[in-house]
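The values are calculated or read from the model by the stated rules, or taken from the named source; none is laboratory data. If you're wondering where the values come from, they're calculated on a predicted model, not measured in any experiment. We place every Cβ from the backbone using ideal geometry, glycine too, and count neighbours over all the protein chains shown.
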Amino acid sequence: MKINKVKGTHDLFNDEARSYDYIELLFKSVANSFSYDSMRTPIIEHTELFQRSTGESSDIVRKEMYTFLDKGNRSITLRPELTAGIMRNIVENKLYATSDLPIKCYYMGPNFRYERPQQGRYRQFYQMGVECIGEDNVFYDAECIIMGYHYLTMLGLENVKLRINSLGGNISRNNYRKALEEYFSNHIDKMCDDCKERLKLNPLRILDCKVKEDQEIVADAPKISDYLTTEDKERFEYLCELLEENEIPYEIDEGLVRGLDYYSHVIFEFHYTTESGLNVGAVGAGGHYDNLSEDVGGPKMSGVGLAFGEERLYGILNDEGIDTHNKVQTDIYIMPLGKEQRQNCFWLANELRDEGYRVEVNLNNKPLRSQFKIAEHMNAKIGLIVGDEEIENDTIIVRNLEAKEQESVPLEELVETLDEIFGLVDHDHDDEEGE
Ligand code: AMP
């Protein structure tokens, strides 16, 4: 019986796998240019980490976690997001005490949420993100958003819509929460069961409800902007000013609350609709947080972070026809003419790889005609042909596969010949010598 992949997961191969590599590579490079350093944390964590950080009232913790007891009877969860693990790492290893603050890191990897699979929504999906932890400074909030915007522009996405909102600090949020409790208590009888539970756990979550009838009630709910303290309001205004000064277009979306419990002050989402109308929801999102460190047992420490969903980025890049899957370029394809030559060719391939060339060698004894075809598929520039005669004379046939010309070269001159063909000869040096 054939075994298929688990529902909500996907395999990556060929162009798609290459695109994901590119999406990640560019992300690393942009993150580096903003001085975010690499950090990796485990895929499995204690369930309690997410209960305490992501939050008991979030849909993720309530309904979507892959949780199991391991053989030692510990409750383990496949991470549904990465920020909690990053903060646990910083707290557990006391990185805040030994590093210059803020700690700026980037990371990537698979996450797991038991959601209803649909376009742009998987049960195993890849995220890449950054966090800046240890400084409560609105400049870092702005920097994080600018980094995200910059990355999307570098990918070639020009119609990015950035939505932002402020949830304020603890005082503003508590006041707003009370106002929402009061408002929704008067309407809750008509609302869905999920909202009834949300009202008990965290009424802010109700703002995220997707049920149409509930949305009409949500539309008339109190607005956060009316509950921000003067200080929080000024902080948000200053952030907006920084975005404007750095030419980052944004729109304020008062309905934006984000699905994780730890956020305060600015929260944001990057949206994108392709020319053909494809909209996969938010391609990236994030926000500021003040209580997360303490939630996982650390000192008071603020942070800001964002995460992009790779599936969604791939979806829109693909739909926009933006080429992100350049085939791995093979420089040289080595073609043994018989079984006996394979060992020599195998050795030669590794020697040339040591010289920095991207080399593939045919090891399955195909006729030369088929080997030419494979070399062509691989876009190789040079073919190296090795038969009995070449082995006997210590020579090799160097064939320019584009120009369809070939010459016999003594083995000891091979690297020199290749360097010349690939333009790796130090011409300045040659000139100097010639003078
Ligand atoms: P979140 O961690 O919920 O703030 O999500 C951050 C980003 O991850 C979103 O903007 C999406 O791009 C992506 N994402 C979240 N959940 C999924 C999912 N189930 N499948 C694919 N991408 C997702």
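Things to note:
- Residue in segment 263-318 that is modelled with the lowest pLDDT, counting only those that are acidic (Asp, Glu) and more than 14 Å from the chain's Cα centre (by Cα): Glu275
- The numbered conditions (1) touching a helix residue (DSSP H, G or I) at 6+ places or on another chain (Cβ under 7 Å); (2) in contact (Cβ under 8 Å) with a residue 40 or more places away in the chain; (3) charged (D, E, K, R) are all true for Asp59 except (1).
- In segment 365-374, the residue that is surrounded by the fewest Cβ atoms within 10 Å (Cβ to Cβ) out of those that are within 21 Å of Lys404 (Cβ to Cβ) and among the polar types (S, T, N, Q) is Ser370.
- Phe13 being free of Cβ contacts under 8 Å to residues at least 60 places away in the same chain and surrounded by fewer than 20 Cβ atoms within 10 Å (Cβ to Cβ): yes
- The residues of segment 365-418 that are of a type in the set (Gly, Ala, Ser) and more than 45 Å from the chain's Cα centre (by Cα), listed by number, are Gly387, Ser408.
- Of the set (1) basic (Lys, Arg); (2) touching a helix residue (DSSP H, G or I) at 6+ places or on another chain (Cβ under 7 Å); (3) not in a helix (DSSP H, G or I), all apply to Lys5 but (2).
- Note on segment 133-148: residues that are within 16 Å of the ligand (Cβ to nearest atom) and surrounded by fewer than 21 Cβ atoms within 10 Å (Cβ to Cβ) total 0.
- Figure legend. Inter-residue proximity from segment 352-364: first residues surrounded by 14 or more Cβ atoms within 10 Å (Cβ to Cβ), second residues part of a strand (DSSP E or B) and not β-branched (Val, Ile, Thr), beta-carbon distance below 7 Å, spacing 6+ or different chains. Indicated pairs: Glu360/Tyr333; Asn362/Met335; Asn362/Pro336.
- Given (1) within 16 Å of the ligand (Cβ to nearest atom); (2) in a helix (DSSP H, G or I), number of the condition Tyr126 does not satisfy: (2)
To keep it simple, each residue is scored yes or no on (1) part of a strand (DSSP E or B); (2) more than 16 Å from the ligand (Cβ to nearest atom); (3) without any contact (Cβ under 8 Å) to a residue 12 or more places away in the chain.
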position	(1), (2), (3)
Glu131	yes, no, no
His150	no, yes, no
Arg163	yes, no, no
Glu182	no, yes, yes
Leu204	no, no, no
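- Some residue of segment 91-112 being aromatic (Phe, Trp, Tyr), within 16 Å of the ligand (Cβ to nearest atom), within 20 Å of Ser58 (Cβ to Cβ) and under 21 Å from the mean Cα position of the chain (by Cα): yes
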